[in-house]
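*Asks:* This is the structure, below, for whatever I ask next.
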Amino acid sequence: MGQRLYKGLLKTMVGGLVAMLPVVALAVGPAQVKTDGGVIEGELTVDQKVVAFKGIPYAAPPVGDLRWRAPQAAAKWSGVRSAKEFGYHCVQTGGYPDMQFHDPGPSEDCLTLNVWAPVGAKRGSLPVMVWIYGGGFVTGGTSEKRQDGQFLAHRDVVVVSMNYRLGIWGYMTHPELTAESGKSASGNYGLMDIAAALEWVKRNVAAFGGDAGNVTVFGESAGSFAVSAVMASPLSKGLMAKAIGESGGALYSSGLGFEPREVREKRDSEFAERAFGTTKLAELRRVSTEDMVRAVTAKGAARFGPDVDGYFLPKGLPAIYAAGEQAHIPVLAGWNADEGRGAVVTAKEKPTVATFAAQADKEFGARAKDFLAVYPGSTDADAATSTGDYGGDKFIAYSTWRWMEAQVQTGKAPVYRYFFTLGSPGDKNHAAALGAFHSDDIEYVFGTLDSRAEAVWRPEDRKLSDQIGQYWTNFARMGDPNGPGLPKWPTYSATGDWQVMHLDAAPEAKADAWRGRYVFLDSVWGR
C-alpha cells in the first residue's frame, strides 16, 4: 500500500515538473509539440533561438464538395507529423514582382499555418501575433522571406501566419451556396478561414508558449482590410485582444469588395454562365482548378473579394462600427507616405495645373474648389505632389483613416496612428524614387531587411526596423507601443490634437497636418 502511494506521489511530482518545463527540449533533438490534430515536429532556425513549425493543417482541404464551404475541421493524424516545410500557397491569379514564394506551389489544398516560437518559452506565457498577408484578396502567401516570423519571435512573442482562400475560391457567391449554408449567406470563405485559424490559435497556441488570451492580429493592405473586418465579425468575438493595421481598412472598400451579397450573387452567377456555361453549383464544383484560373484571368473577368454576406458580416462595416458593435480592443494603424506616388513617378506625362484641375472637376464637380483647397495645384510642381498624395489617399490611406476614426468615435480602447515616411533604398523591383511605397514597411516590421538582397541598407533603415519591431511587440504585449529607449508615441484622439507617429530616421509624434484632406474626402465618400 505504501509502495503504491509512493509511486503515485512520484508520478504526480514528475508530471508537475514536466508541465513546468520549456515547450522545447533542444538537448534531445528537434522540437515536438502536441496539437489537437496530433504531434508535430518543427526545426530550429539557423541561430537556434527559435523553433519554426510550418505547414500545419488548421482546416480540411477545401476541395471537391468542400469548395465554397465554410472551413471544416482538419483530419487528425497518428504518429509524428513533420512541420518543417511550408504548405502550398492558395491557388490565385495575378501577383507582384516582389512576391516570391518558397513553398511547393499553388493548390486549393492550402489551409495551413505556421508558428515561430522562442526556444524555452514556458507554456501560455508569451504574447501572440497572428499575421494576415496582403495581395488584394486575389494573391499572397505565407512563405515569403520578408514575412519570416523568426526575427519578431526573438522579441519574446509567438508569431503565427496562415494561408487563406483567395479570389473566386475564397469569395464566390451563389444562390445555391446561400441556400445550403443554413445561414442565408454566401461568400467570405477566405475571411472565415482567418477566423478558423484564430480558433486554432485559441485551442493550441499555449503548447507553443503563447498566451491565448493575448492575441494581436496584424496585417498589411488586404490583410489590414481583413483585420478591420475580423474585428467587426461576430465569428471572431473573443479571439483577439489587439489589432494592428498597415495600410488599409474595410470601412471604405476602394475596389476590394464588401458589396451586398444580393448584388454579388447576380454578378457572380452571370460570370459563371459566361465563363463555364452553367450556373448549377454541383457543376461549378467540378470545374478544374486550371479551367477556373483561365476563366478568372480572361479579359473582362469579374473580380472576387469579400461581401456583406449577412453571416460573417451581418451588415456593412460602417454600420457595425457606427453602432459600436466591433471588438473594443486597442488598435495601432497607419499607412506609408508614398502609397500612390509610383503612378506619378513612372508616368510618361506628368501632371500639370491644367490636368490636375480637370481631374478635380471630373471627380468632385461642384466640390472641386474644396478639393483644390486641401490638395493644392497652383503650380505644376504642386500638381504633381498633390496628384501623388491624392492617389495614395484614394487607394489606401482614406480607408485606413476612416477605420481609425470610427474606432476613436465608438471604440472603448486606445488608438495609435503612424505615418511611415522613410523611403527605402532601391532594389530590382522598386526604384528609390518611389519613396515609402505601398508594402515598403513589411520588411521593417518583420526585421527582414536582408530578404531584399539587392538593396544596400543604411544605418537608419536598420535602426528604424529595430524601433518598429519594439513598438509592434510592445503593443502586442501591453496594448501600448511605448517602452524604454523609444520616442514617446501618444494616443490618437481629438483631445490630443490627433497625434501621429512619423516613422522616419528619427521617429517623432506630430499633430496631423493633413486632417483637412480626410475630412473633405469623408464629406464626399463617407456617405
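*Asks:* If we keep just the residues of the range 338-367 that are under 19 Å from Phe395 (Cα atoms) and small (Gly, Ala, Ser), which is surrounded by the fewest Cβ atoms within 10 Å (Cβ to Cβ)?
*Replies:* The qualifying residue surrounded by the fewest Cβ atoms within 10 Å (Cβ to Cβ) is Ala347.
*Asks:* Could you say which residue among Ala432, Ala381, Ala368 is farther than 20 Å from Ser221 by Cβ and touching a Pro at 6+ places or on another chain (Cβ under 6 Å)?
*Replies:* Ala432
*Asks:* Output yes when any residue across the range 290-312 is surrounded by 15 or more Cβ atoms within 10 Å (Cβ to Cβ), closer than 29 Å to His502 by Cα, in the same structural domain as Val215 (by TED's automatic domain parsing) and modelled with pLDDT of 95 or more, and no when none is.
*Replies:* Within the range 290-312 (the criterion being surrounded by 15 or more Cβ atoms within 10 Å (Cβ to Cβ), closer than 29 Å to His502 by Cα, in the same structural domain as Val215 (by TED's automatic domain parsing) and modelled with pLDDT of 95 or more), the answer is no, since none of the residues qualifies.
*Asks:* Of the residues Ala373, Ala347, Ala319, which single one is out of contact with any helix residue (DSSP H, G or I) (no Cβ under 7 Å at 6 or more places or on another chain) and in the same structural domain as Met240 (by TED's automatic domain parsing)?
*Replies:* Selected residue: Ala319, the only one of Ala373, Ala347, Ala319 that is out of contact with any helix residue (DSSP H, G or I) (no Cβ under 7 Å at 6 or more places or on another chain) and in the same structural domain as Met240 (by TED's automatic domain parsing).
*Asks:* Would you be able to tell me the number of residues in the range 305-320 that are touching a residue at least 60 places away in the same chain (Cβ under 8 Å) and either within 18 Å of Ala397 (Cβ to Cβ) or of a type in the set (D, E, K, R) (or both)?
*Replies:* Going through the range 305-320 one residue at a time, the tally reaches 4.
*Asks:* Still on this structure, please answer the following. Residues that are buried (at least 21 other Cβ atoms within 10 Å of the Cβ): which helices (runs of 4 or more DSSP H) entirely in the range 95-198 hold 2 or more of them?
*Replies:* Result: 150-153, 167-171.
*Asks:* Need the failing condition index for Lys242 against (1) surrounded by fewer than 23 Cβ atoms within 10 Å (Cβ to Cβ); (2) in contact with a Pro (Cβ under 6 Å, 6 or more places away or on another chain); (3) charged (D, E, K, R), just the number.
*Replies:* Every listed condition holds for Lys242 apart from (1).
*Asks:* Check off (1) free of Cβ contacts under 8 Å to residues at least 60 places away in the same chain; (2) β-branched (Val, Ile, Thr); (3) under 12 Å from Met172 (Cβ atoms) for Thr278 and give me the number that stays unchecked.
*Replies:* Result: Thr278 passes all but (3).
*Asks:* Look through Leu239, Leu235 and report the one residue that is at pLDDT 95 or above, more than 13 Å from the chain's Cα centre (by Cα), on the phi < 0 side of the Ramachandran plot and in a loop (DSSP other than H, G, I, E, B).
*Replies:* Checking each option against the conditions leaves just Leu239.
*Asks:* Do we find a residue being hydroxyl-bearing (Ser, Thr, Tyr), within 30 Å of Gln409 (Cα to Cα) and in a helix (DSSP H, G or I) anywhere in the range 278-300?
*Replies:* no
*Asks:* Something else about it: For Arg264, are the conditions met, namely being in a helix (DSSP H, G or I), touching a Ser or Thr at 6+ places or on another chain (Cβ under 7 Å), assigned by TED's automatic domain parsing to the domain that holds Ile132 and farther than 30 Å from Asp36 by Cβ?
*Replies:* So Arg264 fits the description; yes.
*Asks:* Considering only residues that are charged (D, E, K, R), part of a loop (DSSP other than H, G, I, E, B) and more than 32 Å from the chain's Cα centre (by Cα), which ones fall in the range 328-364?
*Replies:* Lys348, Glu349, Lys350, listed by residue number.
The values are calculated or read from the model by the stated rules, or taken from the named source; none is laboratory data. Here the structure is a predicted model, which means the values were calculated and not measured. Positions of Cβ are generated from backbone atoms using ideal geometry, with glycine treated the same way; all protein chains shown enter the neighbour counts.
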